[in-house]
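Some notes on the structure that comes next.
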């Protein structure tokens with residue numbers, strides 16, 4: 001055993017049966033994916049005494065950095081090594097960080113253990129390289145070398161091992177979907193998809209995201225479920241349409257109201273506003289913020305039997321009505337609308353354009 005190693009106990013068969021894999025996704029950057037991962041995971045560790053494994057699938061590695069591990073800092077074995085050296089044992093790639101300021105908020109209770117599979121700037125390229133090697137003339141060689149027939153099988157089996165030790169496995173993903181193999185792998189193994197929404201741009205991309213999720217899970221017997229959470233949103237009291245029925249008067253936000261109107265069972269009641277006091281903090285270590293209430297609701301939701309989010313992907317009428325109402329906000333926000341003109345370049349003959 002390594003000198004700096006720390007033991008983690010194996011879960012009971014009953015505990016393993018209840019393990020949840022949660023992927024936090026959105027194809028828009030900056031909408032609060034990493035903060036949602038941290039808030040939910042750390043809240044679970046200190047409030048429910050559960051072991052949580054964070055897996056950083058974003059090549060920017062913001063989750064890894066916010067947990068205190070810089071890019072140039074050891075270990076050198078990060079997610080890129082995970083894919084590059086697929087045949088070797090992956091068991092020692094997870095770190096178990098200890099935080100002296102992490103305290104349980106349960107009287108007499110203890111904290112669970114935190115695990116981290118650190119991100120890397122080259123993890124996406126290494127994953128793509130491995131995926132390609134499973135196809136074409138090299139597929140038999142790769143199968144013999146790794147023991148797997150595809151990268152999906154490889155990734156699922158390796159994550160399955162960690163389910164013996166962690167009650168929750170939380171995946172932080174990159175702000176992209178099409179062509180991103182790490183996000184595709186996350187989608188394939190997740191039990192739950194949490195989708196942060198920070199404003200009208202992220203809300204407008206719901207149709208695209210749902211369609212991608214639906215297409216990417218067609219081969220699965222059991223599709224993941226999911227829901228939306230309002231993260232880092234701006235409080236909006238003046239532009240709220242009087243025709244909208246506000247669910248919570250404390251959260252007078254137009255986007256939230258429209259989403260609650262069209263997707264009532266798939267939007268969390270609690271959210272996290274864009275506040276300077278928590279902008280640069282790491283949610284979940286114990287400070288009383290809106291992340292606590294949201295994380296509590298997230299844990300409650302993923303244990304409930306409910307309709308599947310991906311059913312919305314085929315409801316064209318619902319999505320069209322939703323986008324029509326959302327477009328009103330976009331139009332209202334354009335105080336100074338541009339007048340579009342076709343260019344006329346110098347002495348060239350002007351081209352007639354039918355407007």
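The values are calculated or read from the model by the stated rules, or taken from the named source; none is laboratory data. As the structure is a computational prediction, the values presented were derived from the model and not from experiment. Please note: Cβ atoms are built from the backbone with ideal geometry, for glycine as well, and neighbour counts cover all protein chains shown.
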Could we say that residue 33 is closer than 20 Å to residue 289 by Cβ and touching a helix residue (DSSP H, G or I) at 6+ places or on another chain (Cβ under 9 Å) here? yes
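Restricting attention to region 80-90, does a residue exist that is in contact with a helix residue (DSSP H, G or I) (Cβ under 9 Å, 6 or more places away or on another chain) and surrounded by fewer than 14 Cβ atoms within 10 Å (Cβ to Cβ)?
Quick first cut of region 80-90, residues in contact with a helix residue (DSSP H, G or I) (Cβ under 9 Å, 6 or more places away or on another chain) only: 80-84, 86-88, 90.
Still in the list and also surrounded by fewer than 14 Cβ atoms within 10 Å (Cβ to Cβ): 87-88.
Yes, the conditions are met somewhere in region 80-90.
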Which of (1) within 22 Å of residue 294 (Cα to Cα); (2) modelled with pLDDT of 90 or more; (3) over 14 Å from the mean Cα position of the chain (by Cα) is the odd one out, the single condition residue 214 does not satisfy? (1)
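Return the residues of region 1-31 that are surrounded by fewer than 24 Cβ atoms within 10 Å (Cβ to Cβ) and in contact with a strand residue (DSSP E or B) (Cβ under 6 Å, 6 or more places away or on another chain); say none if nothing qualifies. I'd like the intermediate steps shown before the answer.
First, pick out the residues of region 1-31 that are surrounded by fewer than 24 Cβ atoms within 10 Å (Cβ to Cβ): 1-21, 27-30.
Matches in region 1-31: 20, 21.
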Of all residues being buried (at least 17 other Cβ atoms within 10 Å of the Cβ) and modelled with pLDDT of 65 or more in region 284-296, which is nearest to residue 203 (Cα to Cα)? Just the residue, please. 294
Which condition breaks for residue 69 when tested against (1) modelled with pLDDT of 90 or more; (2) out of contact with any strand residue (DSSP E or B) (no Cβ under 6 Å at 6 or more places or on another chain); (3) surrounded by 16 or more Cβ atoms within 10 Å (Cβ to Cβ)? (1)
Just to check your reading of the model, which residue among 101, 167 is within 23 Å of residue 8 (Cβ to Cβ) and loosely packed, with under 14 Cβ neighbours inside 10 Å? 101
Could we say that residue 141 is within 24 Å of residue 219 (Cβ to Cβ) and touching a helix residue (DSSP H, G or I) at 6+ places or on another chain (Cβ under 9 Å) here? no
Taking region 297-314 and keeping residues outside any helix (DSSP H, G or I) and either within 15 Å of the chain's Cα centre (by Cα) or surrounded by 16 or more Cβ atoms within 10 Å (Cβ to Cβ) (or both) leaves 302
Return the residue satisfying two criteria in turn: it lies in region 52-66 and is buried (at least 24 other Cβ atoms within 10 Å of the Cβ) and touching a helix residue (DSSP H, G or I) at 6+ places or on another chain (Cβ under 8 Å), and of such residues it is nearest to residue 230 (Cα to Cα). 63
